[in-house]
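Heads up, the thing below is written out as structure tokens.
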Amino acid sequence: MRRGEFYRVYKGTSYDPKKFRVFVIVSRQVLIESKFSTVICAPVYSAYDGLSTQVKIGIEEGLKHESSIHCDELVSIPKTSLRHFVGSLAPRKLLQLDDALKVAIGLS
């Protein structure tokens, strides 16, 4: 399990019409490899609004269609829920993710 990897996660909740959603791991690698049971992730949606907190992704990352990472909606997900690997970000996309996360949490 590495930072920048995508996983399909079961999210059978009443507020989310999709039972499964793809998430990308955004936690630092040290936390991912630690004994902590959860990691911080950002959801992937098919919508892209052009916000500075979104990163365009698609087939190159292992997805079925063009999508975007939404860094304004970070969540903590149990590592045990991250079982269905989808793909991973290329180094240049990982840098874009870093920039979007900085904007999302107000870092300069």
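A few remarks follow.
- In plain terms, the residue of Arg2, Arg8 with the fewest other Cβ atoms within 10 Å comes first and the most crowded comes last, giving Arg2, Arg8.
- Value of relative contact order over the chain, rounded to a whole percent, pairs C-alpha under 8 Å and six or more apart: 28
- Interchain or long-range residues, amide H under 5 Å from Val39's placed H: Ile77, Lys79
- Whole-Hz Karplus values for region 98-108 come out as 4, 5, 5, 5, 4, 5, 4, 9, x, 9, 8 Hz, taken residue by residue from phi with 6.51 cos²θ - 1.76 cosθ + 1.60 and θ = phi - 60°; glycine and proline positions read x.
- Extension gain from Tyr48 to Arg28, taking 0.36 nm per residue of separation minus the Cα-Cα distance: 4.7 nm
- In this structure, Phe85 and Ser108 have a Cβ-Cβ separation that, at R0 = 41 Å, corresponds to a calculated FRET efficiency of about 0.75.
- Across region 56-107, C-alpha contacts under 8 Å between residues 6 or more apart give a mean separation that, scaled by the residue count, equals a relative contact order of 35 percent.
- Considering only Ser81, Gly58, Val26, the residue lying farthest towards the positive end of the dipole of the chain is Ser81, judged by Cα position with unit charges set on Cβ.
- Rounded to the nearest Hz, the phi-derived 3J(HN,Hα) couplings of region 26-43 under the Karplus curve 6.51 cos²θ - 1.76 cosθ + 1.60 (θ = phi - 60°) are 10, 4, 5, 4, 4, 5, 4, 8, 7, 7, 4, 8, 10, 10, 8, 9, 10, x, where x marks glycine and proline.
- Database remark: amide H of Ser67 closer than 5 angstrom to the amide H of Ile57, Gly58 (H placed geometrically; neighbours at sequence offset of 5 or more, or on other chains; Pro and chain starts carry no H).
- Charging the Cβ of each Asp and Glu at -1 and of each Lys and Arg at +1, and nothing else, the dipole of the chain about its Cα centre rounds to 420 debye.
- Cα gyration tensor shape for region 34-79, rounded if a/c is under 1.5, else prolate or oblate: oblate
- Amide H within-cut-off set for Val86, under 5 Å, with H built and near neighbours excluded: Phe6, Tyr7, Arg8
- For the chain, alpha-carbon Rg relative to the globular expectation (2.2 N^0.38 Å, N residues): 1.00
- Modelled FRET efficiency - R0 41 Å, Lys56 with Lys35, Cβ distances, 0.05 increments: 0.75
Read the figures in this text as sums done on the coordinates, not as results from a lab. Bear in mind that the values here come from a model prediction, so they are computed numbers and not experimental data. Don't worry about glycine lacking a Cβ; one is built from the backbone with ideal geometry, like all the others, and counts go over all protein chains shown.
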